[in-house]
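Here is the structure we will look at.
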Amino acid sequence: MYQLANLPPELLIKVFSNLFFRDILHCQACCQQFRTLVEQSGQLQYIIQADTSGVDEGSLSGSSFGDRLRVLQRREQGWHDFKYRATVSVPVNFFSSGIYDLTGGAFLLGTRPSFGSPRTTSGFSYLPLPSLDADGRCPGPEAINWKHVDLGEQIIDVGLAVREHDLIAVLTSRLDTDGEVPNLVLELRLLSFSTGKPHPQAENHTLFVDNRTPHFGRSSILIEIVGDYLALLLTFPWVRMGEGDAFYLVNWKKGILNRVAMPQDPPASFTFLTPDILVFSQPETCTLEITKIIAPSPEALPTLTSLVILKLPPLTNHASIVHLVCRSEPNPTAASVSNPTDAIILFNMLVQDVGPVHVGHMHMFSFITHRSTLLSHVPLSERSTPFVSSSPPLSVPGGDAIDENEPVLSVFNWADWGPRATRWFDCDRISTRWITTTAGQRYVCAADPDQGEAPIVLRDFNPYNVWRQRQREERGEDTGRMRIVESSSVITSSGLFKRDLESALPYTEVESERPYMYDGVLIDEERMLGLRIQPDGIGVGQFDVLIFG
């Protein structure tokens, strides 16, 4: 200790800056010298604030650590108080379709022709969203600059990796009438997000995906991009027995596309937990399935193997899950303000009671859990290996071959993992049309516009912010509109679940000072977007950007 204490302050700061924030606080408690050093160092205070806020330390710009610290503290205080610093109203002066995304500081809308079907998407437009500068000033109207890309083909959906790769993957559909039976040809186009031109890192900019006959009807698409992998889930909700459903893993740089056999039934949705571990939602079995990408190398054709099955609350015999979708923002390797490891995952579950499929009475539920919680059920050996090499299975005389690398499937009942690690909400009167309602560990929800004006509710599942709020309340400080929720909440089973839904994941909650009536509210690391849809109910016609810092 004596030798360490004799180091110059600059070297001590350099040493401490490589520590996790808890270790910095432990060092601060050692002696008065270290306490003064930590308290007066803008760099160390920034690291502590960033780590406890769930923020990537290298994500914020600024001429000094002191500037970054002030920007971060200003933003965190704005979220805590639900006080945004500026509002920018943005008109949408084009015909937007139902395609949208909010990621990487940009808002994307699909564009449609002014004639024909209002659900046809032929291009996309995106807007780099306004931010406050280091002094808290908001840019003027000249900063609102939509960029437009028209592909001239029907777009089904898109996937984005803006900060990580400047990449947009566009799934297109065109009618092929050359054969005996007309077919829809599905293709992936890999473009630079900033230019709309072919992506320079992609060896093949257009990849054939598959053919589908038009009688399959409308499809549901999910595209996620993490590292070198693009994952594509293609489902047809109105086709029985999952006919036509498929899951693809694409090495988008090499142009290698592989249709991957699913270990279980066709899933409804998925999200990445790590660059090679995914969680799939399985409505048919009422489970979450955690799988791993298995490949001899990143360039080889991958397969999936199941690692963990997490059971969800069991349904009654007459109830069924119509859909179960999930989203987490940011993705695991994304260069983002929020720390991907700490991010929450939102699951929206539509449950139907007695009646034919898609006809009986529907109930919407949402539940939240942390990405790290799901990952904690995966054996450490599987989490630490980026790719598992294929090796010949062992031969057993008189028996089947045994693959010594095959992971053991672990199954967890709901009661053993779920109630303490999740928080459930009854969302029958909440707008759930938009899935981009989480960022990092924050979750925003607004009442369905049919309910009239109502406050916007912001929930924060960051355990350190929960701890801070608890400390404020114990000291008797005025916490304003903020409240802490740590006790268990119970949603009655309503004949849908075999037991009442009990959940206890702690969070803080604050409501806006005044009521709003938006058609949807989205969130990213520093903003909320209040959306108003067009009169035809298809696309966004105007939105407000509420900048928190």
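The values are calculated or read from the model by the stated rules, or taken from the named source; none is laboratory data. None of the values given here were measured: they were computed from a predicted structure. Note that each Cβ is placed from the backbone with ideal geometry, even for glycine, and that neighbours are counted across all protein chains shown.
The set of residues from the range 21-42 being outside any helix (DSSP H, G or I), surrounded by 11 or more Cβ atoms within 10 Å (Cβ to Cβ) and hydrophobic (A, V, I, L, M, F, W, C) comprises Cys30, Cys31. Residues that are assigned to a loop (DSSP other than H, G, I, E, B) and surrounded by 16 or more Cβ atoms within 10 Å (Cβ to Cβ) were ranked within the range 361-388; the one that is modelled with the lowest pLDDT is Val388. Given the condition among the β-branched types (Val, Ile, Thr), part of a strand (DSSP E or B), within 24 Å of Leu108 (Cα to Cα) and modelled with pLDDT of 90 or more, answer yes or no: does some residue in the range 194-204 qualify? Within the range 194-204 (the criterion being among the β-branched types (Val, Ile, Thr), part of a strand (DSSP E or B), within 24 Å of Leu108 (Cα to Cα) and modelled with pLDDT of 90 or more), the answer is no, since none of the residues qualifies. Scanning the range 282-293 for residues that are surrounded by 20 or more Cβ atoms within 10 Å (Cβ to Cβ) and more than 25 Å from Gly440 (Cα to Cα) yields Pro283, Cys286. How about the range 233-250: which of its residues are modelled with pLDDT under 60, outside any helix (DSSP H, G or I) and either closer than 13 Å to Asp265 by Cα or outside the structural domain of Ile223 (by TED's automatic domain parsing) (or both)? Correct list: empty. The listed residues are Asp536, Asp500, and the only one of them that is over 28 Å from Arg371 (Cα atoms) and surrounded by fewer than 18 Cβ atoms within 10 Å (Cβ to Cβ) turns out to be Asp536. Within the range 122-178, if we keep just the residues that are part of a loop (DSSP other than H, G, I, E, B), in contact with a strand residue (DSSP E or B) (Cβ under 9 Å, 6 or more places away or on another chain) and of a type in the set (Gly, Ala, Ser), the residue that is farthest from Asp524 (Cα to Cα) turns out to be Gly152.
Applying a threshold of 9 Å to beta carbon distances and a minimum spacing of six or more residues, or different chains, the list of pairs starting in the range 16-43 at a residue that is in contact (Cβ under 8 Å) with a residue 12 or more places away in the chain and ending at one that is loosely packed, with under 12 Cβ neighbours inside 10 Å reads Phe16/Asp23; Cys30/Met1; Cys31/Met1. Filtered by the rule that a residue be more than 21 Å from Gly78 (Cβ to Cβ) and touching a residue at least 40 places away in the same chain (Cβ under 8 Å), the range 107-140 gives Leu108, Leu109, Gly110, Arg112, Pro118, Arg119, Phe124, Tyr126.
Taking the criterion of being under 23 Å from Thr479 (Cβ atoms), touching a Gly at 6+ places or on another chain (Cβ under 8 Å) and not in a loop (DSSP other than H, G, I, E, B), the only residue of the range 522-549 that qualifies is Leu546.
Residues checked against (1) among the charged types (D, E, K, R); (2) over 30 Å from Val55 (Cβ atoms):
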| residue | (1), (2) |
| --- | --- |
| Ile484 | no, no |
| Ser489 | no, no |
| Arg499 | yes, yes |
| Glu513 | yes, no |
| Tyr516 | no, no |
| Leu522 | no, no |
| Arg527 | yes, no |
| Gln534 | no, yes |
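Scan the range 465-482 and tell me whether some residue there is under 21 Å from His363 (Cβ atoms) and either modelled with pLDDT of 95 or more or under 24 Å from the mean Cα position of the chain (by Cα) (or both). Within the range 465-482, none of the residues are under 21 Å from His363 (Cβ atoms) and either modelled with pLDDT of 95 or more or under 24 Å from the mean Cα position of the chain (by Cα) (or both).
Looking only at residues of the range 308-321 that are modelled with pLDDT under 95 and crowded, with 18+ Cβ neighbours inside 10 Å, we find that the one that is farthest from the chain's Cα centre (by Cα) is Ala319. Apart from one condition, Gly530 fits all of (1) over 20 Å from Glu329 (Cβ atoms); (2) under 19 Å from the mean Cα position of the chain (by Cα); (3) among the small types (Gly, Ala, Ser); the exception is (1). Looking across the range 184-200, not a single residue is exposed (fewer than 14 other Cβ atoms within 10 Å of the Cβ) and either in contact (Cβ under 8 Å) with a residue 24 or more places away in the chain or outside the structural domain of Asp150 (by TED's automatic domain parsing) (or both). For the range 243-270, the tally of residues that are touching a helix residue (DSSP H, G or I) at 6+ places or on another chain (Cβ under 8 Å) and buried (at least 20 other Cβ atoms within 10 Å of the Cβ) stands at 1. For the residues Ser97, Ser89, the requirement of being of a type outside the set (A, V, I, L, M, F, W, C), touching a strand residue (DSSP E or B) at 6+ places or on another chain (Cβ under 7 Å) and surrounded by 16 or more Cβ atoms within 10 Å (Cβ to Cβ) singles out Ser97. Looking only at residues in the range 295-307 that are hydrophobic (A, V, I, L, M, F, W, C) and under 23 Å from the mean Cα position of the chain (by Cα), the one that is nearest to Val260 (Cα to Cα) is Leu304.
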